[in-house]
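What follows is a set of notes on a single structure, which appears directly below.
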Amino acid sequence: MKRMKMLLFLVLCGVLLGSQAVYANMAAPDDPDVGSSITFQKNDALSVTSEVLDIEVHGATADITAIYTMENTTGEAVSTPVMFLSPNVEEGGTTVTADGEALAFTVERYVLRYNTTVQTEDWRYAVLSEAEAEEGQTVDSVSFTMDFAPRETREIAVSYTYRLGGYPDYDFDVKDGRIEYYLAPAALWKDFQDLTINLYLDEGMPVIRDSSVEFEEVGTRIYQYVSHTLPEGNLIITIDESRFQEIFSSLRSPYLWMGVMMFLPVLVPLLLIILAVVIWRVRKKRKANKLEP
């Protein structure tokens, strides 16, 4: 059976430096509503003119790169702390750049609990609705600072390795992979204009079984989604084996052979009875044929 775990959008953050607000992937809460929802503070200085999201799957992990083209729409310099959120960020392989130049960053993990426990001393929170709260569930953050001159446009890129949900490591017919990416916080910048998502699948799971957005196949195991506005909700993709692959995967399933072994004591006597009946009927027919003149 395929696991279909639905994760609601979660997100957080408080005050980092004095009265400056922290912006998450990219946005920040004005006053967290503990328990079921988050109220965000909108940024009125910076606009996202485009976002290109590349997701390249390699077995049980994916290399994800989010490239934001951002513009300071004001006549003043802007320095903004940012928190980029992901369901998980694997250790190593994370980079953050602005116009190709590396930026300093930190990666932290927060445990999601309904009681909204403060996880660090700088007032960063993780909040999940009561219905979706799961003990031990986490969210990871990549924190850094963006600096913009007046009217400046910059290209901000965040790259990291993501561990797929689902059962990507299995080698039988329950194998699948789940990819989640938080799109919703991007709506909290002053403006958001264009989004392109490029999804590159490998041979192990070449099929999109389910997706929160409609992809177009543009190449061999390459899919693309293009929109001039942000889609509703966050990005959730489930990838799977092809039907041809699942035929052979089902033969490797331990549950198949467990079922065979379970019913073997019943099947063997039944097969013997069927064999005996067939032999008896064949002999009876031969005997009848010999008696005919």
³J(HN,Hα), Karplus 6.51/-1.76/1.60, whole Hz, each residue of the stretch 273-286, x for Gly, Pro: 5, 4, 4, 5, 5, 4, 4, 4, 5, 5, 5, 5, 5, 4
Spin-label model distance (nm) - residue 266 vs residue 74, 7 Å beyond Cα toward Cβ: 7.3
Label point distance in nm, residue 283-residue 52, each placed 7 Å from Cα along Cα→Cβ: 8.0
Charge context of residue 98, other residues only, Cβ under 12 angstrom, K/R +1, D/E -1: -4
Separation in nanometres of the label points that stand 7 Å from Cα toward Cβ, at residue 159 and residue 247: 4.0
With all protein chains modelled, accessible area of residue 277 [1.4 Å, Å²]: 70
Long-range amide H partners of residue 194 with built H, under 5 Å: 50, 51
For residue 170, residues with placed amide H under 5 Å, excluding near neighbours: 176
9 Å beta-carbon shell around residue 86, net charge (K/R +1, D/E -1): -2
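The values are calculated or read from the model by the stated rules, or taken from the named source; none is laboratory data. Just so it is clear, the structure is predicted and the values come from calculations on it, not from any experiment. Counting neighbours? That spans all protein chains shown, and the Cβs are built from the backbone with ideal geometry, glycine included. SASA here: full protein model, heavy atoms, side chains in, ligands and nucleic acids out. Shrake-Rupley method; radii C 1.70, N 1.55, O 1.52, S 1.80 Å.
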